[in-house]
Amino acid sequence: MKKICIIYTGGTIGMTRTEDGYAPKANYLATALTHIEDLYRAPMPEWELLEMAPLLDSSNMAVEEWNRIASVIGERYTAYDGFVILHGTDTMAYTASALSFMLENLAKPVILTGSQIPLCELRSDGRDNLITSLLIAAQGKVREVCLYFGGRLLRGNRATKYSADGMLAFRSPNAPYLADAGIEIRYSEALLRTPPEGDFRVQPFEHVPIGVIKVFPGIQFDLFESIMTEQLKGIVIETFGAGNIPGNGRALLPIIKKAFRHGTVLAVCSQCPEGTVTLGTYATSSPLKEAGAVSGYDMTTEAAVAKLYYLFSRGYDTDVIKQKMETDLRGELTR
Ligand code: ASP
């Protein structure tokens with residue numbers, strides 16, 4: 001029988017009511033799961049629950065927590081057939097993206113899930129999300145970091161939280177779902193990643209100074225100059241449409257050039273959830289290309305941020321980072 005490790009990091013699924021609103025409570029989930037009889041009958045795999053401490057609302061997740069989750073998986077990698085990570089929905093797409101890079105040569109399923117309504121409430125979506133994630137992990141068809149929510153299995157580094165209150169909280173607008181959980185769990189076999197060639201290893205992240213700048217009509221780039229050129233190592237700039245910036249880039253160009261001289265990498269993503277960045281299509285995006293910005297193509301901001309953390313933590317030179325930002329490493333971009 002397959003053996004799956006459930007890692008509970010916090011998030012709505014295991015929260016209880018408090019005077020300040022929902023909050024995670026230590027040891028509560030283990031008891032709550034004993035009341036879900038279906039978790040203990042065929043065809044459910046054998047599973048074990050590991051609770052992280054402290055439990056977090058995922059708004060509080062950062063590099064340290066990603067490193068802890070990755071090392072928990074690393075230490076137990078051979079002991080289990082797959083992993084289900086219970087996580088808050090708010091930053092689940094960031095954690096999924098981060099883990100997709102940290103877990104190098106992953107050959108087992110790592111499925112993130114959670115819920116919009118806690119298990120302690122009548123209409124919780126947590127029960128199905130957990131049961132189906134466990135089944136997907138046990139089936140072992142996917143060998144990558146995925147996100148399961150509301151009947152859809154998404155590639156983790158393509159996912160983005162789309163709805164603050166709907167049950168279909170996640171989408172992956174630039175990548176088809178890996179599986180649909182209808183009456184049966186139907187995989188899109190052609191999309192599944194093939195087994196890796198190298199040995200599994202965990203690459204921890206360093207606290208790299210990374211920033212996300214969203215352009216808007218009237219943005220005064222000079223206000224960002226010192227932070228962009230002196231403090232940040234990696235910048236994701238969320239542009240309009242296919243990579244366009246206001247002012248034909250005139251204000252931004254010298255700042256980008258200066259930032260590059262300081263070893264900063266600037267990746268261009270789009271504010272549109274769907275579609276890709278194509279630098280140079282319009283006069284309003286050419287300056288970015290000339291200044292040396294790299295295209296994030298159709299990467300989500302979540303994936304671009306995680307990828308910058310990864311590449312800097314790997315210790316690559318800036319030129320290599322620029323080249324790898326535009327290369328598909330884990331299915332995170334289409335070229
Ligand atoms: N604020 C919660 C969290 O991200 C929301 C959720 O779990 O859905 O932990």
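The values are calculated or read from the model by the stated rules, or taken from the named source; none is laboratory data. What you see is a predicted model, and the numbers here were worked out from it, not measured in a lab. Here the Cβ is made from the backbone with ideal geometry for all residues, glycine too, and neighbour counts use every protein chain on show. Heads up: the accessible areas ignore ligands, DNA and RNA and are worked out on the full protein's heavy atoms, side chains in. Shrake-Rupley method; radii C 1.70, N 1.55, O 1.52, S 1.80 Å.
Would you point out which residue out of ALA70, ALA96, ALA79, ALA30 is within 15 Å of the ligand (Cβ to nearest atom), at pLDDT 95 or above and not in a strand (DSSP E or B)? If you could, list the steps in order and put the result at the bottom.
On the way: ALA70 fails: within 15 Å of the ligand (Cβ to nearest atom); ALA79 fails: within 15 Å of the ligand (Cβ to nearest atom); ALA30 fails: within 15 Å of the ligand (Cβ to nearest atom).
Of ALA70, ALA96, ALA79, ALA30, the one residue that is within 15 Å of the ligand (Cβ to nearest atom), at pLDDT 95 or above and not in a strand (DSSP E or B) is ALA96.
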May I ask you to say which residue of LYS233, LYS324 is free of Cβ contacts under 8 Å to residues at least 24 places away in the same chain, touching a helix residue (DSSP H, G or I) at 6+ places or on another chain (Cβ under 9 Å) and under 30 Å from GLU104 (Cβ atoms)? LYS324
When you go through (1) within 20 Å of PRO217 (Cα to Cα); (2) open to solvent by 10 Å² or more (accessible area, probe 1.4 Å); (3) part of a helix (DSSP H, G or I); (4) not charged (D, E, K, R) one by one for VAL305, which number turns out not to apply? (1)
Please indicate, with yes or no, whether at least one residue in region 171-182 is open to solvent by 80 Å² or more (accessible area, probe 1.4 Å) and modelled with pLDDT under 95. no
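Here's a check for you: in region 3-20, which residue that is within 26 Å of the chain's Cα centre (by Cα) and either open to solvent by 50 Å² or more (accessible area, probe 1.4 Å) or not β-branched (Val, Ile, Thr) (or both) is nearest to the ligand (Cβ to nearest atom)? Give the steps one after another, and end with the answer.
Let us first name the residues in region 3-20 that are within 26 Å of the chain's Cα centre (by Cα), namely 3-16.
With the extra rule that they be either open to solvent by 50 Å² or more (accessible area, probe 1.4 Å) or not β-branched (Val, Ile, Thr) (or both), the set shrinks to 3, 5, 8, 10-11, 14-15.
Values: LYS3: 26, CYS5: 20, TYR8: 12, GLY10: 6, GLY11: 4, GLY14: 9, MET15: 7 Å.
Out of the qualifying residues, it is GLY11.
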Out of the residues in region 218-232 meeting the condition of being within 27 Å of ARG314 (Cβ to Cβ) and buried (at least 20 other Cβ atoms within 10 Å of the Cβ), tell me which one is modelled with the highest pLDDT. LEU232
Looking at LEU130 and the list (1) under 19 Å from GLY14 (Cβ atoms); (2) surrounded by fewer than 19 Cβ atoms within 10 Å (Cβ to Cβ), which single condition is not satisfied? (2)
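Just to confirm my filter: which strands (runs of 3 or more DSSP E) fall fully inside region 120-194 and include at least 2 residues that are more than 16 Å from the ligand (Cβ to nearest atom) and farther than 24 Å from GLU104 by Cβ? Talk me through it step by step, then tell me what you get.
Working: elements: 145-149, 152-155, 179-181, 185-187.
So the answer is 179-181, 185-187.
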Report whether or not ASP199 is in a helix (DSSP H, G or I) and either charged (D, E, K, R) or within 30 Å of PHE260 (Cβ to Cβ) (or both). no
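Would a scan of region 293-303 turn up a residue that is closer than 18 Å to ARG155 by Cα and among the aliphatic types (A, V, I, L, M)? Reasoning before the result, please.
First pass over region 293-303, keeping only residues closer than 18 Å to ARG155 by Cα: 296-303.
Of the ones still in play, those that are also among the aliphatic types (A, V, I, L, M) are 299, 303.
Among the residues of region 293-303, at least one is closer than 18 Å to ARG155 by Cα and among the aliphatic types (A, V, I, L, M), which makes the answer yes.
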Can ASP125 be described as touching a Ser or Thr at 6+ places or on another chain (Cβ under 8 Å) and either open to solvent by less than 30 Å² (accessible area, probe 1.4 Å) or on the phi < 0 side of the Ramachandran plot (or both)? yes
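Residues are listed down the side, and each one gets a yes or a no for (1) within 16 Å of the ligand (Cβ to nearest atom); (2) in a strand (DSSP E or B); (3) closer than 17 Å to ASN129 by Cβ:
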position	(1), (2), (3)
MET1	no, no, no
TYR22	yes, yes, yes
LEU49	no, yes, yes
GLU65	yes, no, no
GLU75	no, no, no
What number of residues within region 252-277 are without any contact (Cβ under 8 Å) to a residue 40 or more places away in the chain, in a loop (DSSP other than H, G, I, E, B) and surrounded by fewer than 17 Cβ atoms within 10 Å (Cβ to Cβ)? 2
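Does ILE85 satisfy the condition of being buried (at least 16 other Cβ atoms within 10 Å of the Cβ) and within 16 Å of the ligand (Cβ to nearest atom)?
On the way: buried (at least 16 other Cβ atoms within 10 Å of the Cβ): yes; within 16 Å of the ligand (Cβ to nearest atom): yes.
So ILE85 passes the test.
Got a number for residues in region 99-116 being away from the ligand (no atom under 15 Å from the Cβ), assigned to a loop (DSSP other than H, G, I, E, B) and open to solvent by less than 10 Å² (accessible area, probe 1.4 Å)? Working first, answer last.
Going through region 99-116, the residues away from the ligand (no atom under 15 Å from the Cβ) turn out to be 99-111.
Narrowing further to those that are assigned to a loop (DSSP other than H, G, I, E, B): 105-109.
This time we only want the ones that are open to solvent by less than 10 Å² (accessible area, probe 1.4 Å), so: 109.
Residues in region 99-116 being away from the ligand (no atom under 15 Å from the Cβ), assigned to a loop (DSSP other than H, G, I, E, B) and open to solvent by less than 10 Å² (accessible area, probe 1.4 Å): 1 in total.
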